[in-house]
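Asker: Below: one structure in structure tokens.
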Amino acid sequence: MRIDQLLWCLRYYKSRSLASIACKKGHVRLNSHIIKPSKDILPLDIIQVRKNQINFEFKVLDIPLSRVSAKIIDIYRKDLTKKSAFNHKDIQKLGANNYRIKGLGRPTKKDRRKIDEFNKDGDK
């Protein structure tokens with residue numbers, strides 16, 4: 001089975017064309033080598049997929065005949081993704097919520113209250 005088809009069958013991408021584009025951009029690796037979308041996949045291959053700034057890694061246990069439901073994906077793959085990859089994404093989300101773009105105008109009431117509260121704590 002082709003790598004783009006496998007990624008679509010295992011629900012890493014919503015369509016096969018998106019999986020193919022990801023392979024062409026170099027977001028998909030087979031045994032740490034960048035591959036083309038037409039590369040055939042065999043059981044026990046290790047695949048790394050970079051999607052949404054998270055490096056997913058899994059081992060192919062079996063090749064599905066067609067797209068499988070989300071409940072039975074683990075029959076066909078063993079997830080090797082490190083938990084720290086998901087923690088890094090959570091930290092990025094927290095940082096993005098507190099970032100204020102320069103030049104957006106005056107602080108809102110909520111921002112002003114946070115600033116005043118911070119200044120009161122700093123005086124003590």
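Where a number appears in this text, it was derived from the coordinates with a stated rule and is not lab data. Only a predicted model underlies this, so the values are computations on that prediction, with no experimental measurement involved. FYI the Cβ positions are ideal-geometry reconstructions off the backbone, even for glycines, and counts take in every protein chain you see.
Asker: Provide the packing ranking of 51-64, 8-21, 31-44, i.e. peptides ordered by the mean count of other C-beta atoms within 10 Å per residue, highest first. Can you show the working numbers first?
Answerer: Values: 51-64: 14.1, 8-21: 16.8, 31-44: 12.4.
Answer by packing, highest mean first, reads 8-21, 51-64, 31-44.
Asker: Hey, with R₀ at 25 Å, roughly what FRET efficiency would H33 and N87 work out to, going by the Cβ-Cβ distance, to 0.05?
Answerer: On the way: r = 27 Å, r/R0 = 1.10.
E between H33 and N87, to the nearest 0.05, is 0.35.
Asker: Reachable aspartates and glutamates from K39, Cα under 18 Å, same-chain residues fewer than 8 places away excluded?
Answerer: D4, E57, D62
Asker: Okay, moving on. Divide by every residue of the chain the summed helix terms, -39500 (n - 2.57) for each DSSP H run of at least 4, and state the resulting mean residue ellipticity at 222 nm, rounded to the nearest 500 deg cm²/dmol. Walk me through the intermediate numbers first.
Answerer: Values: 4 runs with 47 residues, N = 124.
It lands at -11500 deg cm²/dmol.
Asker: If you don't mind, there's one more thing I want to ask. Rounded, prolate or oblate, given the Cα gyration tensor of the chain, with a/c below 1.5 counting as rounded? Intermediate values should be presented prior to the final figure.
Answerer: Numbers: a/c = 3.37, a/b = 2.79, b/c = 1.21.
Prolate is the answer for the chain, as a/c is 1.5 or above and a/b outweighs b/c.
Asker: Can you tell me how much longer the chain between L80 and K110 gets when fully stretched, taken as 0.36 nm per residue apart minus their C-alpha distance, in nm with one decimal? Present the calculation step by step, with values, prior to reporting the outcome.
Answerer: Details: separation 30, 0.36 × 30 = 10.80 nm, distance 4.24 nm.
Stretched fully, the L80-K110 segment lengthens by 6.6 nm.
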